[in-house]
Amino acid sequence: MGRLGWVDPESFMQRNHELMDAYSAGKLAMEEFMAFSLEPMAGRTPEEVDHLVGPWVEDVIEPIIYSDACKCIAQHRAKGDRILVISASGVHLVKPIAERLGIDEVLGIELDVQHGVYSGATVGVLTYREGKITRLMEWLDAEGENLEGASFYSDSRNDLPLLLKVDHPNVVNPDPVLLEHAQQAGWPVHTWV
């Protein structure tokens, strides 16, 4: 976005780091983060944004996808498990990343489109903390599914509400708060590379 003049790269990255520090500390107001991150997209078409997201996924995200994550996905797929990515990121980012992993079903933060362009706002319940549970339960109801036997993988304390809800919580490269909780609860702790 900086190369296109949509943002001042230095100030954007500085604010992004501040907000990500708040996320890591479990203190992020997701509404504030989304307003910040979506502001440069306001007035742009989904196609304009998708044109940037594809190369970003290929150049930045694909090289850091853990091979152990791919193995885990393959194991669940071999067992016939239905696989859903649920993320606190915008669905415009989550969907292409999931597609690279061969996953078609995603829940992410929905972006508002007005008259064919992004408004800079979100729509509905944000898939963050307890909002992940709300959105997941809505999805399960719509799909005629339930959480029986469900597994969930996370690295963040922000996902504790959903981890506590599933039968098989798994923590992966966890933050210190999540690691402590997982150890006390006897949850599997994975180190993925």
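Nothing in this text is a laboratory measurement; each read-out follows from the coordinates by a stated rule. All values reported here derive from a predicted model rather than from experimental measurement. With ideal geometry, Cβ positions are generated from the backbone for all residues, glycine too; neighbour counts draw on all protein chains shown.
A full extension of the chain between Val123 and Leu52 corresponds to an added length of 23.4 nm, given 0.36 nm per residue minus the alpha carbon distance. To the nearest ten degrees, helix 130-143 and the longest principal axis of the Cα atoms of the chain are 80 degrees apart. Distance from the alpha carbon centroid of segment 79-97 to that of segment 110-148 works out to 12 angstrom. First obtain the Kirkwood hydrodynamic radius of segment 119-193 from its Cα pairs, then insert it into the Stokes-Einstein equation at 20 °C and 1.002 mPa s, and state the resulting D in µm² per second as a whole number. Result for D is 161 µm²/s.
Taking Cα atoms, how many degrees apart are the long axis of helix 91-100 and the longest axis of the chain, rounded to 10 and kept between 0 and 90? Between helix and principal axis, roughly 60 degrees. Projecting label points 7 angstrom from Cα along Cα→Cβ for Asp112 and Met13 puts them 3.1 nm apart. Our estimate of slack between Ser24 and Gln75, defined as 0.36 nm per intervening residue step minus the Cα-Cα distance, is 15.4 nm. Computed from Cα atoms alone, the Kirkwood hydrodynamic radius reported for segment 9-146 is 16.5 Å.
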